[in-house]
Structure formats: structure tokens, C-alpha cells
Amino acid sequence: IAGSSWDEGDFEGSLHELADHLKARQSFSNLLVRVEMVGTRRWWELSGTPIIDELGNYQGFRGVGSDVTEQRESSEKIEFLARYDTLTQLPNRRMLNEALGEALAHADRWRSRCAFLMIDLDRFKAINDTFGHGVGDHVLIAAADTIRDWCSRLSGSGDHQGFRLGGEEFLVLTRGLTETQVSDAAEALRESLAAIGNQFADHDGLNVSASIGVAAWRFSEPLDDALLRSDEACYAAKDSGRNQVRRAV
């Protein structure tokens, strides 16, 4: 059942749970276990009962198992579709709401900083109208990849996360950076997004840029208010000529 992990000794959590039941000689029911079959991951649902003979001697386990891989993968896919944008693979608005709650709890407990970067790709409708929605989708994917890479390269990896809100709108939630660090990082992100056009050199006239609004969260301020301020700053950046970073007041 353990597959290649048997030699490595690095067992998946469900195998530990199964082993605990077997060692304790305890009955178990509908235990979901991840197994490896010829290098392929499968999911089994197991139920078992210890066998004790008439003299009270332990004889082993009797049980049943079902392969529920298809059901498991279907459930995982449904869960993924509910939480992630299917085109860019970035977390969606639902995931953002969950992340906001976690960020607020962390900030309140540790008095740490967090900030929002609202990102809107400039003249994206013109890209779709001129070059087609297929090219537009590739621009969105490239923007998402740029945001994802930017988040991973920031100090405190794992404390920064990008989201696609819909259309050409993205958001980044940063945690643990000073206001100066956020401003510098936002400018670096703007430059990286502006370089996306280089990936479409065969589409003459395709230019990509982004307007970014930055809002630092103030202690005791509702996170939704900070989110709104970042949105307003983004619109101010667009009204001022696009392809720039604006801080919220």
C-alpha cells in the first residue's frame, strides 16, 4: 500500500492513520487512504474489524475496500473550480474572502502590516478587439504568471498572494512589508507586467501595461475599506495616463 514511500519512510498522513488502527487493533470504517499502484496514485476507502478467536487470541483483520479514485478526483476538481480561476489558475474572489479573514486575524494578533495592490491591465478590451480573445487569454495567463512569480520572489515567501478578481482585474495581498517596500515592489511589478508585450512580438502593435493602486491596511480599519481604497487608487492611476502606480490616500 505504501508504494515507494515504504523504502523512504516518508508516509502520507492517511497511511499513518491506518497503521495506528492496525497497531491498536481498533475497528475503522470508511477510512480514505492514498495508495500507490505501479507509480499511479489511487484512493481506497477501507473498513476493517479485528478478528479475535474463541480463546481471545488476535488473528488479524477482516475488512473491505473500494477504489474511490474517480469520486475523489471529481470532488477535488469541483473544489478547485470553486476556489480557483480556471484560465489563470490563480485563486478567485472566494479564496480572497478566506485570505482576508486570515490576514486580519494575523495582523490583529501580531500587529503586522498588510497591503493591497489592485491591478488593472490597461486597454485590455482593445487587445481582445484587435487580436482576438485567444490572444487576450494568453495575455491574462502571462499576467497571472508574472504576478505569481513576483509574489514568490518577494521577501517572506508565502506571505504574498495573487488573485484574479475577474476580467482584466487582479489583486495582490502582501503581508509583513513596510510601506516603502510595498511601493518599491509595486513599481517592480508594474515594470514586469509592461514587459509581457515582448512575449507577443509576432503581434505587431500589441502593448501590455498595467495601472496599480496600492493601499496599506491601517490598524483597526475594516479590510474592505483598505480594499476599496486600493481600487480607487487604481482608477486614479488609469485617469492619470495609465501604466503607473498610485498610492491610496
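Some points to look at:
- For trypsin sites (Lys or Arg not before Pro), the sites in segment 85-142 that DSSP calls loop and that have at most 10 other Cβ atoms within 10 Å are Arg111.
- Within the set (1) 18.1; (2) 21.6; (3) 18.9, the number that Kirkwood radius over Cα pairs in Å takes when calculated for this structure is listed as (2).
- Area of Met118 that stays accessible when all protein chains are in place (1.4 Å probe, Å², to 10): 10 Å²
- Cβ-Cβ FRET estimate between Ser66 and Val249, R0 fixed at 45 Å, reported to 0.05: 0.15
- Förster radius 35 Å - calculated FRET efficiency between Gln59 and Ser29, Cβ distance, rounded to 0.05: 0.95
- Length gained when the stretch Arg109-Ala126 is fully extended (0.36 nm per residue, less Cα-Cα span): 1.6 nm
- CD proxy at 222 nm, helix term only [per DSSP H run n ≥ 4: -39500 (n - 2.57); per residue of the chain; nearest 500]: -14500 deg cm²/dmol
- Reported to the nearest whole Å, the Cα centre-to-centre distance from segment 1-25 to segment 134-212 is 42.
- Working ranking of peptides 160-167, 4-11 by packing, defined as the average number of other Cβ atoms within 10 Å per residue, highest first, is 160-167, 4-11.
- Considering every alpha-carbon pair of segment 173-221, the percent of pairs per 10 Å bin, from zero through the bin containing the longest distance, is 23, 38, 23, 13, 3.
- Straight-line reach from Lys125: taking Cα to Cα under 16 Å and skipping same-chain neighbours fewer than 8 places apart, the lysines in range are Lys238.
- Among Glu98, Glu221, Glu54, the largest mean-square fluctuation in a Gaussian network model of the chain, built with springs joining Cα atoms closer than 10 Å, belongs to Glu54.
- Between Glu232 and Ser75, the C-beta separation translates, for a Förster distance of 45 Å, into a calculated FRET efficiency of about 0.70.
- Taken along the Cα-to-beta-carbon direction at a fixed 7 Å, the label points for Arg148 and His16 span 2.9 nm.
- Full-extension gain in nm, Met37 to Gln181, via 0.36 nm per residue minus C-alpha separation: 47.0 nm
- Normalised contact order of segment 1-106, rounded percent, pairs of Cα under 8 Å and 6 or more residues apart: 16 percent
- GNM flexibility winner over the chain from Val135, Val33, Val208 (Cα, springs under 10 Å): Val33
The values are calculated or read from the model by the stated rules, or taken from the named source; none is laboratory data. It should be emphasised that the depicted structure is a prediction, and the values quoted were computed from it without experimental measurement. Heads up, the Cβs are rebuilt from the backbone with ideal geometry, glycines too, and the neighbour counts pull from every protein chain shown. Areas reflect the complete protein model, heavy atoms only, side chains present, ligands, DNA and RNA absent. Shrake-Rupley method; radii C 1.70, N 1.55, O 1.52, S 1.80 Å.
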